[in-house]
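**Student:** First the structure, then my questions, so here it is.
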Amino acid sequence: MMENFFISLEIMAEGMGGIFAACLIIMASVWIMSKLSGKN
Amino acid sequence: MAYLLEGILSVTWQQMAMYGVGLLLIWLAVKKGYEPSLLLPMGFGAILVNLPASGVIDQMMPGVGQVKGVIQWLFEVGIQASEVMPILLFIGIGAMIDFGPLLSQPVMFLFGAAAQFGIFFAICAASLAGFELKDAASIGIIGAADGPTSILVSQILHSKYVGAIAVAAYSYMALVPIVQPFAIKLVTTRRERRIHMEYRPGSVSRTMRIAFPIVTTMIVGFIAPASVALVGFLMFGNLLRECGVLKNLSDTAQDSLANLITLLLGITISFSMRAEAFVTADTIMIMAIGLLAFVFDTIGGVVFAKFINLFRKNKINPMIGAAGISAFPMSSRVVQKLAAQEEPGNIILMHAAGANVSGQIASVIAGGIIINLVTRYL
């Protein structure tokens, strides 16, 4: 049980990091697209 | 004539309990209006699959052998074999979503990410409660506040709790107007909830609206390949909507396709609500952890917004963070209603809508990432 809990903590750290990374990259790409299209 | 009594005499108390669950779901759908398109088919299906020797699930018949049941067949083909039903539903969802409020204020993407915290909190809680890792992860995904994603992830991870997870996910999505205000008030002051936010939307070009689903699919595909089925079909639906040349297909996806799949998905998922699998102490535990997942999604989003405020001159109303869950458009409406309650005339709906649609994307990314991470440990 405790082993699974520690694995879960690891999944939490990696998972939240991954989601933020993905969202930041999409956010940056939207910003670049808006600059390229000359609007927003 | 003894055969006429065979059915009623063989009913177990667990099956009787499931008739009660089925009637409760139908009551919630009809009387309370909670996610009726899903809860009503699930409730009726729960009764169908729990009738003794029900003809909707596979049965052995003397002298004939095995006879196929239609709900079991639908489950095996539509969910177990390929998860085609929840995935196809994403085309309809994608076609319904207007990403405009998000594209005009891309910073809202961060709130979608933060509000997935409840998923991981629930995974930890389920692990501590003694669930196996694949089941804990499947229970955690209730926090995605996204029924199809919950069904898909729990099915891919071969969790034995698909039925309870689906019921929890859809029930709590319906209860967002009750759960979220409670959680928001736990971590915000009245003063914070009264913060005004100016809305200055930038115009979003058609090219950008068309490029967004394509670029997002590719980015998410590279980062979390297991999400491709979810994000890909969500964005495909959105591309149908935004391309401007497939109005008929877009309308069909939003209307006929989404309705048809929803109808079948509800009754199909009821296969996993057979008494022997559903009437257990684990189901109660799953419902409790699912509720925690929703509460901590909300808290995660709000606390992140408060953290961002530490560095900003123009403060964000922290309730915007709570709208980063996938329950669209309910969550943004709840946040707007709370803001207006605290101070009449305070309009933060478009900010909340931006965070809310980002939650749609972040929740499917979370689903893919969880599949990716958890399978490493199995």
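Coordinate-derived values only; no laboratory data. Because the structure is predicted, anything quoted here is derived from the model rather than measured. For neighbour counting, all protein chains shown are included, and Cβ atoms are generated from backbone atoms with ideal geometry for every residue, glycine included.
**Student:** Taking just the C-alpha trace of the range B:323-378, give me its Rg and Dmax in Å.
**Tutor:** Looking at the range B:323-378, its Cα Rg and Dmax stand at 15.3, 52 Å.
**Student:** Taking Cα pairs under 8 Å and at least six residues apart, what relative contact order does the range B:1-131 come out at, in percent? Walk me through the numbers before you get to the answer.
**Tutor:** Details: 84 pairs, mean separation 16.9, N = 131.
It comes to 13 percent, rounded to a whole number.
**Student:** Which distance in Å, rounded to a whole number, links the C-alpha centroids of the range B:64-106 and the range B:249-290?
**Tutor:** First find each Cα centre; the distance between them is then 10 Å.
**Student:** What are the lysines whose alpha-carbon lies under 18 Å from the alpha-carbon of B:Lys306, with same-chain residues fewer than 8 places away excluded?
**Tutor:** B:Lys185, B:Lys315
**Student:** Then there is this: Calculate the dipole size of chain B relative to its Cα centre from +1 charges on Lys and Arg beta carbons and -1 charges on Asp and Glu beta carbons; express the result in debye to the nearest 20.
**Tutor:** Numbers: 23 positive and 19 negative charges, 273 e Å.
Charge dipole of chain B: 1320 debye, to the nearest 20.
**Student:** Moving to a separate point now. Report, in whole Å, the centroid distance computed from the Cα atoms of the range B:141-209 and the range A:1-38.
**Tutor:** That distance is 17 Å.
**Student:** Right, here's the next one. Taking a ≥ b ≥ c as the square roots of the eigenvalues of the Cα gyration tensor of the range B:182-303, is the shape rounded (a/c under 1.5), prolate (a/b larger than b/c) or oblate?
**Tutor:** oblate
**Student:** Shape of the range B:72-377 from its Cα gyration tensor (a ≥ b ≥ c, root eigenvalues): rounded if a/c is under 1.5, otherwise prolate when a/b > b/c, or oblate?
**Tutor:** Numbers: a/c = 1.80, a/b = 1.21, b/c = 1.49.
Here the range B:72-377 falls in the oblate category.
**Student:** Mean-square fluctuation check for chain B, GNM, Cα pairs under 10 Å: which of B:Phe236, B:Phe296, B:Phe222 is largest?
**Tutor:** Maximum fluctuation in the GNM of chain B, among the listed residues, is at B:Phe222.
**Student:** Quick one: helix B:330-342 against the long Cα principal axis of chain B, what's the angle to the nearest 10°, folded into 0 to 90?
**Tutor:** Rounded to the nearest ten degrees, it is 50.
**Student:** Work out the length of the dipole vector of the protein assembly as shown about its Cα centre, built from +1 on the beta-carbon of each Lys and Arg and -1 on the beta-carbon of each Asp and Glu, and round it to the nearest 20 debye.
**Tutor:** 1560 debye
**Student:** Please report the Cα spread of the protein assembly as shown along all three principal axes, rounded to whole Å, starting with the longest.
**Tutor:** 79, 47, 45
**Student:** The range B:299-339: percent of C-alpha pairs farther apart than 15 Å?
**Tutor:** Numbers: 322 of 820 pairs.
Within the range B:299-339, distances greater than 15 Å cover 39 percent of Cα pairs.
**Student:** Follow-up. Rank these for me by crowding, B:Cys243, B:Cys124, going from fewest to most other beta carbons within 10 Å.
**Tutor:** Values: B:Cys243 15, B:Cys124 21.
Least crowded to most crowded, the residues run B:Cys243, B:Cys124.
**Student:** Sticking with the crude label model, points 7 Å out along Cα→Cβ, report the distance from B:Ser203 to B:Ser82 in nm, one decimal please.
**Tutor:** Reported label-point gap for B:Ser203 and B:Ser82 is 4.3 nm.
**Student:** When the distances between all Cα atoms of chain A are binned every 10 Å from zero, what whole-number percent does each bin get?
**Tutor:** Bin by bin from 0 Å, the calculated values are 28, 27, 20, 14, 9, 2.
**Student:** In Å, what is the Rg of the alpha-carbon atoms in the range B:289-369, and how long is Dmax?
**Tutor:** Over the range B:289-369's Cα set, Rg and Dmax evaluate to 12.7, 41 Å.
**Student:** Identify, among B:Gly359, B:Gly69, B:Tyr3, the residue whose Cα sits farthest towards the positive end of the charge dipole of the protein assembly as shown, taking +1 on the Cβ of Lys and Arg and -1 on the Cβ of Asp and Glu, with the dipole about the Cα centre.
**Tutor:** Result: B:Gly359, furthest along the dipole toward the positive end.
**Student:** Could you list the trypsin sites (Lys or Arg not before Pro) in the range B:1-92 that lie in coil according to DSSP, counting only those with at most 10 other Cβ atoms within 10 Å of their Cβ? Let's see the in-between values first.
**Tutor:** Values: sites: B:Lys31, B:Lys32, B:Lys68; in loops: B:Lys31, B:Lys32, B:Lys68.
Here the trypsin sites (Lys or Arg not before Pro) that fit, given the DSSP loop and packing criteria, are B:Lys31.
**Student:** Right, here's the next one. What order do you get for B:Thr149, B:Thr189, B:Thr217, B:Thr252 when you list them from fewest to most C-beta neighbours inside 10 Å? Can you show the working numbers first?
**Tutor:** On the way: B:Thr149 28, B:Thr189 9, B:Thr217 20, B:Thr252 17.
Final ranking by Cβ density, sparse to dense: B:Thr189, B:Thr252, B:Thr217, B:Thr149.
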